[in-house]
Structure formats: C-alpha cells, structure tokens
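The structure appears below as structure tokens.
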Amino acid sequence: TNTLHVDSSNNRVGIGTTSPSVSLDIEATTPTIRLTDSDASGTPESEIKGGGGDLVFSADRDNEKASTVMQFQTDGSTAMTIDSSQRVGIGTTSPSNMLHLSGTDPIIQFTDTAGGDSFGLFGSASNYLGFFNFTDSRTDMIIDGSGNVGIGTTSVPTGFKVAVNGDLSLGETSGSDNTFIDQK
C-alpha cells in the first residue's frame with residue numbers, strides 16, 4: 001500500500017510513498033520519527049521532525065524527565081553534548097558554560113570565506129589565551145592567567161603588564177597627535 005511500501009528489488013522502504021528513492025523514505029506534510037521510552041516514568045518521547053526545509057531534533061519533547069541531554073557521538077565517543085540548560089560542550093559531556101571546549105590546546109578557528117583570512121582563539125596548558133593568525137602562521141597576542149599581555153610575541157611578558165614586539169602607537173589613529181615608540 002502507499003502507507004508502507006517495501007521495494008524489495010532495490011532494498012528500500014517507503015512510508016507515505018510507493019516509490020521510495022532511498023533506503024527509508026518518509027513522505028508526509030511534517031514527517032516525524034518518534035522514539036518513546038516505555039521503561040521510563042512518564043514515557044518521555046524524543047523526535048526527529050522535518051518539514052518546510054527545517055530539521056528539528058527534540059530530546060524529551062514533552063519535558064517528562066528533567067535534565068535531558070542530546071549527544072552526538074563519533075567513533076564510539078561523545079563528541080558534542082547539549083544539556084537541558086542549553087549549554088554546548090565539545091570534547092566534554094558536562095559543559096559548564098554556554099560554549100565549553102575541552103581538549104589539548106583547544107582552538108576556535110574563524111575563516112573569512114570572502115577574503116581568505118583565518119585566525120584562531122586558543123587556550124593553552126601553559127595557562128594563557130592566545131590569538132593565532134592562520135593566514136600568516138603566527139601568534140599575534142597572548143594573555144596569561146595574571147592578565148599580562150604579549151603583542152607580537154609568543155612569550156608572556158616578565159615584569160611588565162604589556163610587552164610589545166614591534167612599534168607601538170599611542171593616541172588617536174586618525175590624527176597627527178600620535179606618540180610613536182620605536183623598537184630599538
């Protein structure tokens with residue numbers, strides 16, 4: 001029938017269609033796959049729903065259970081977690097902030113697809129935060145745990161709050177009242 005159709009010659013199943021074009025083809029106004037946990041109290045339901053170009057993943061659709069999480073796994077390990085407080089964890093199953101990255105020297109990379117420039121924000125086991133320019137393969141700035149800033153250097157300043165490797169301009173950038181300090 002057109003409610004459930006098995007195309008055994010192509011190993012395809014159609015729900016709502018008699019001509020499935022993929023292994024499982026569901027056609028409806030808002031096609032939905034519902035997963036119901038019959039062993040849990042309140043029978044929490046999760047859904048994958050599509051329609052109008054949208055795709056919605058819903059864990060514990062009716063909020064039957066508190067503290068629901070959604071996880072994405074690769075190669076047998078959890079790669080990303082979204083918890084009930086809308087915190088996203090990449091590399092951690094227990095995110096403690098809105099976006100929590102956990103790993104060895106994690107990097108957030110930003111690439112301008114129009115101009116090709118690419119830079120990153122990274123944390124380090126050496127207790128500092130850095131800005132890396134992927135386009136030119138250089139670290140542009142670092143900030144250590146004490147608030148010391150290094151600009152144009154990969155070294156955390158010693159004895160100073162700010163260390164600059166290169167020329168430094170103080171004042172308005174558009175006027176002629178700038179004070180320039182040349183590196184000597």
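Keeping to region 99-118, report how many residues are over 26 Å from D75 (Cβ atoms) and open to solvent by 70 Å² or more (accessible area, probe 1.4 Å).
Looking only at region 99-118, we keep the residues that are over 26 Å from D75 (Cβ atoms), and these are 110, 112-118.
Restricting the remaining residues to those that are open to solvent by 70 Å² or more (accessible area, probe 1.4 Å) gives 110, 112-114, 117.
Residues in region 99-118 being over 26 Å from D75 (Cβ atoms) and open to solvent by 70 Å² or more (accessible area, probe 1.4 Å): 5 in total.
For region 28-46, which residues satisfy the criterion of being of a type in the set (A, V, I, L, M, F, W, C) and in a loop (DSSP other than H, G, I, E, B)? Before the answer, list the steps.
Start the filter on region 28-46 by keeping residues that are of a type in the set (A, V, I, L, M, F, W, C), which leaves 28, 33, 35, 40.
Listed by number, the residues that qualify are A28, A40.
So which of R34, R61, R12 ends up being exposed (fewer than 12 other Cβ atoms within 10 Å of the Cβ) and touching an Asp or Glu at 6+ places or on another chain (Cβ under 7 Å)?
R34
Quick one: in region 65-84, which of the residues that are farther than 22 Å from G123 by Cβ and assigned to a loop (DSSP other than H, G, I, E, B) is most open to solvent (accessible area, probe 1.4 Å)?
D75
What's the number of the condition L121 fails, among (1) assigned to a strand (DSSP E or B); (2) crowded, with 16+ Cβ neighbours inside 10 Å; (3) not charged (D, E, K, R)?
(2)
List pairs: first residue in region 141-152 and more than 7 Å from Y128 (Cβ to Cβ), second residue small (G, A, S) and assigned to a loop (DSSP other than H, G, I, E, B) anywhere in the structure, Cβ distance under 8 angstrom, at least six positions apart or on different chains.
Within 8 Å, the pairs are M141/G152; I151/G166; G152/G166.
Give the number of residues within region 130-163 that are surrounded by 14 or more Cβ atoms within 10 Å (Cβ to Cβ), in a strand (DSSP E or B) and of a type outside the set (D, E, K, R).
12
Would you point out which residue out of D105, D62, D25 is over 30 Å from L121 (Cβ atoms), of a type in the set (D, E) and not in a strand (DSSP E or B)?
Just a single option satisfies the conditions, and that option is D62.
Please go through region 56-99 and pick out each residue that is under 19 Å from T32 (Cα atoms) and among the hydrophobic types (A, V, I, L, M, F, W, C).
V56, F57, A59, M70
Please name all residue pairs, on different chains or six or more residues apart, with Cβ atoms under 9 Å, provided the first residue is in region 86-101 and is assigned to a strand (DSSP E or B) and the second residue is open to solvent by less than 70 Å² (accessible area, probe 1.4 Å) and among the charged types (D, E, K, R).
Between residues of region 86-101 that are assigned to a strand (DSSP E or B) and residues that are open to solvent by less than 70 Å² (accessible area, probe 1.4 Å) and among the charged types (D, E, K, R), the close pairs are G89/D83.
The values are calculated or read from the model by the stated rules, or taken from the named source; none is laboratory data. Note that the structure is a prediction, hence the values are computed from the model and not measured. So basically every Cβ, Gly included, is an ideal-geometry build from the backbone, and we count neighbours across all protein chains shown. Ligands, DNA and RNA are stripped out before the accessible areas are found, and what is left, the full protein with its side chains, is counted by its heavy atoms. Shrake-Rupley method; radii C 1.70, N 1.55, O 1.52, S 1.80 Å.
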